[in-house]
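The structure under discussion appears below in the form of structure tokens.
Just so you know, all these numbers are worked out from the coordinates, no wet-lab data involved. The model shown is predicted, which means the values in this text are computed figures rather than measured ones. Note: ideal-geometry Cβ built from the backbone for every residue, glycine included; neighbour counts use all protein chains shown.
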Amino acid sequence: MKKYILIIDDDSRNIFALTAVLKSKGFYCLSAPGMAEAFVVLKNNHEKIGIILLDMMMPEMDGYEAIPNIKAVNEYQHIPIVAVTAQAMAGDREKCLAAGADDYISKPVNIDLLLDIIKDKMQ
């Protein structure tokens, strides 16, 4: 079965850029502009999602709230979540990991590092 990367980000430019790069590397992508949409995508596709790239700063539900909500659903617990943040302040990595993220990357995204994380974490 093909495994997909779910990109959750409220900025369509980020979704477009990440999707373009990841597709060029042979990955399949799904996207959602917010958590309400993300939960619909997860519900309908959880068995084929291999990893989630989650923007930590979104308006309706930020990543710190979203991660525990995703991990609380049995069918989603196996899906690794990579926290993606633009702030990149001291302690952000630890805060994201404490919230339940499986890994962390800052924006602007270093594509080589992201690919290494995806290859390491994606099931």
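Kindly indicate whether Val73 is out of contact with any helix residue (DSSP H, G or I) (no Cβ under 7 Å at 6 or more places or on another chain) and under 14 Å from Leu6 (Cα atoms). When the stated conditions are applied, Val73 does not pass them.
Please verify whether Lys107 is basic (Lys, Arg), under 21 Å from Phe16 (Cβ atoms) and surrounded by 12 or more Cβ atoms within 10 Å (Cβ to Cβ), treating the condition exactly as stated. The answer is yes for Lys107.
The residues of the range 98-113 that are in a helix (DSSP H, G or I) and free of Cβ contacts under 8 Å to residues at least 12 places away in the same chain, listed by number, are Ala98, Asp112, Leu113.
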